[in-house]
Amino acid sequence: MTRIHDMGGRFGDGPVPREADETRVFAIGWHARALALTVAAGALGKWNIDASRHGRERLPPADYARLSYYEKWLAGLAKMLVERGIATAEEIAAGRSPAPAPDDLTEKCLVAARVVPALRSGGPSARSSTAAPAFAIGSRVRTRPIAENETVAGGHTRLPAYAAGRPGTVVLRHGAHVFPDRNAHFHGEAPRHLYTISFAASDLWQHAESAGDEVRLDLWESYLVPE
Amino acid sequence: MPHDHHDDNPHSLLPSEPALRVKALETILAEKGLVDPAALDAIIDLYAHEIGPQIGASLVAKAWVDDGFRAGLLADANTVITQLGHGGRQGEHVVVVENSPDTHNMVVCTLCSCYPWPLLGIPPGWYKSDAYHARAVREPRAVLAEFGVTLADGMDEAALAALVTRDSMIGTGLPRAPGAST
């Protein structure tokens, strides 16, 4: 297991917490503000979604476990602002900024009129690729034995630890997509083919709840070898 | 709160009250000219009032009454969703799957909280909880049971018979749903 966020299959969490009123979009006012602020700051283009996910994953495990969901977003945002040179630690501590940002950054500020079109276009990850996909639908494959980033120690990856080193079957091919393991570290998009792989529950768990059940995961080609 | 890792973890420099943490970060970015508070209001308004599960529900209903639409949605959801004016952030690439008498689908992201925002809106708190992330892949049926859902393939004949009401056999009623309280 690479980091604390990779908790699929973990024991001991107890019942799934429910809320009295689950029709409310935001349980608390500041949750909405934290989400909106994170979305708006992302529009500055100083990081990508993979980097922001990795920013949260890199929080100290004790903090990750202690902080609520949107508190993790705020902690990740503060980290990205400092790491990407937008704000200093002193500014974070003061809660104020003495001067405007450079013009080339302020011109990227998401203004209210641009909110709907920006969210409507989103950030597609599909990319054209001249490489032929290595696997066909129905191919038997096996995941890499270690669920870690191949080039960066402790780096971002989308192969969950519970699915490392397991056999599965290709059920969908999605074409080439931005590779998070590289993109999260600003090492380029390095697009590669993305597949949906089906795993039998009995191949994932020592004590499968129901042997006929399956788990399907979207996995990049470099996570897979022929079985 | 520990204050021994400021450089790597600037969140430890923020106020302890979460609402004040948001305020501090918003103030910094607004003073730098990098965030427009009115844009934050617009984002919140969009997800509070415009984009939510009613959009996904309209697509499901349309698939129920229109076989051609259903086939298109299953074959290439992105094209269909875009044509209807939906799609975008956190729903750029969508695959639609359908339940059947022998297949029940359940969505989880164990690594973060990926969710089709343009179709379902902002995910509920439980979807983002550690317990759901940890358990949905290992013991999905136990999780479903907490939601009052029992899948018919796990039921014996006696349990199935308990779903069949007199009125359902006359035709003036429908069978009870598995897991529904009687």
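For A:Val141, only one of the following conditions fails: (1) more than 12 Å from chain B (Cβ to nearest Cβ); (2) surrounded by 13 or more Cβ atoms within 10 Å (Cβ to Cβ); (3) touching a residue at least 24 places away in the same chain (Cβ under 8 Å); (4) part of a loop (DSSP other than H, G, I, E, B). What is its number?
(4)
Output the number of residues of the range A:174-191 satisfying the condition of being more than 19 Å from B:Cys109 (Cα to Cα) and surrounded by fewer than 19 Cβ atoms within 10 Å (Cβ to Cβ). First the steps, then the outcome.
Step one: filter the range A:174-191 for residues more than 19 Å from B:Cys109 (Cα to Cα), giving A:175-176, A:182-183, A:185-191.
From the residues that got through so far, the ones that are surrounded by fewer than 19 Cβ atoms within 10 Å (Cβ to Cβ) too are A:175, A:185-190.
Qualifying residue count, the range A:174-191: 7.
Restricting to the range A:1-32, name every residue that is touching a Pro at 6+ places or on another chain (Cβ under 7 Å) and either at positive phi or facing another protein chain (nearest Cβ under 8 Å) (or both).
Hits for the range A:1-32 are A:Asp6, A:Gly8, A:Glu22, A:Trp30.
Can you tell me which of B:Tyr127, B:Tyr132, B:Tyr115 is aromatic (Phe, Trp, Tyr), assigned to a loop (DSSP other than H, G, I, E, B) and surrounded by 14 or more Cβ atoms within 10 Å (Cβ to Cβ)? Outline the logic, then answer.
Details: B:Tyr127 fails: assigned to a loop (DSSP other than H, G, I, E, B); B:Tyr132 fails: assigned to a loop (DSSP other than H, G, I, E, B).
That would be B:Tyr115, the only listed residue that is aromatic (Phe, Trp, Tyr), assigned to a loop (DSSP other than H, G, I, E, B) and surrounded by 14 or more Cβ atoms within 10 Å (Cβ to Cβ).
Mind listing whichever residues of the range A:111-138 are of a type in the set (A, V, I, L, M), touching a residue at least 12 places away in the same chain (Cβ under 8 Å) and more than 7 Å from chain B (Cβ to nearest Cβ)?
Of everything in the range A:111-138, those that are of a type in the set (A, V, I, L, M), touching a residue at least 12 places away in the same chain (Cβ under 8 Å) and more than 7 Å from chain B (Cβ to nearest Cβ) turn out to be A:Ala118, A:Ala131, A:Ala134, A:Ala136, A:Ile137.
Yes or no, residue by residue, for (1) aliphatic (A, V, I, L, M); (2) in the same structural domain as B:Leu120 (by TED's automatic domain parsing); (3) closer than 30 Å to A:Ala101 by Cβ:
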site: B:Pro18; (1), (2), (3): no, no, yes
site: B:Ala30; (1), (2), (3): yes, no, yes
site: B:Ile55; (1), (2), (3): yes, yes, no
site: B:Leu73; (1), (2), (3): yes, yes, no
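Could you say which residue among A:Leu159, A:Leu217, A:Leu119, A:Leu194 is surrounded by 14 or more Cβ atoms within 10 Å (Cβ to Cβ) and either in a loop (DSSP other than H, G, I, E, B) or aromatic (Phe, Trp, Tyr) (or both)?
A:Leu159
Quick one: in the range B:47-66, of everything that is closer than 15 Å to A:Val39 by Cβ and surrounded by 19 or more Cβ atoms within 10 Å (Cβ to Cβ), which residue is farthest from the other protein chains (Cβ to nearest Cβ)?
Looking at the filtered set, the residue picked out is B:Ile51.
Does A:Lys108 count as facing chain B (nearest Cβ under 9 Å), touching a residue at least 40 places away in the same chain (Cβ under 8 Å) and of a type in the set (D, E, K, R)?
yes
Of the residues A:Ala99, A:Ala62, A:Ala93, A:Ala41, which single one is without any contact (Cβ under 8 Å) to a residue 24 or more places away in the chain and at the interface with chain B (Cβ under 7 Å from one of its Cβ atoms)?
Within the list A:Ala99, A:Ala62, A:Ala93, A:Ala41, the selection yields A:Ala93.
Among (1) under 25 Å from A:Leu110 (Cβ atoms); (2) in contact with a Lys or Arg (Cβ under 9 Å, 6 or more places away or on another chain), where does B:Ile55 come up short?
(2)
So which of A:Ser97, A:Ser121, A:Ser128 is among the polar types (S, T, N, Q) and touching a strand residue (DSSP E or B) at 6+ places or on another chain (Cβ under 8 Å)? It would help to see each step written out before you state the result.
Numbers: A:Ser97 fails: touching a strand residue (DSSP E or B) at 6+ places or on another chain (Cβ under 8 Å); A:Ser121 fails: touching a strand residue (DSSP E or B) at 6+ places or on another chain (Cβ under 8 Å).
Result of the check over A:Ser97, A:Ser121, A:Ser128: A:Ser128.
Mind checking whether some residue in the range A:17-26 is crowded, with 20+ Cβ neighbours inside 10 Å and either free of Cβ contacts under 8 Å to residues at least 40 places away in the same chain or small (Gly, Ala, Ser) (or both)?
Within the range A:17-26, none of the residues are crowded, with 20+ Cβ neighbours inside 10 Å and either free of Cβ contacts under 8 Å to residues at least 40 places away in the same chain or small (Gly, Ala, Ser) (or both).
Output the qualifying pairs, or none if there are none: Cβ atoms under 8 angstrom, residues six or more apart or on different chains, first residue in the range A:193-221 and at the interface with chain B (Cβ under 10 Å from one of its Cβ atoms), second residue hydrophobic (A, V, I, L, M, F, W, C) and surrounded by fewer than 17 Cβ atoms within 10 Å (Cβ to Cβ).
Listed pairs, sorted by first residue: A:Thr196/A:Val171; A:Thr196/A:Leu172; A:Thr196/B:Val95; A:Ala201/A:Ala208; A:Ala201/A:Ala211; A:Glu209/B:Ala142; A:Arg216/A:Val171.
The values are calculated or read from the model by the stated rules, or taken from the named source; none is laboratory data. These numbers were taken from a predicted model, which means no experiment stands behind them. Note: ideal-geometry Cβ built from the backbone for every residue, glycine included; neighbour counts use all protein chains shown.
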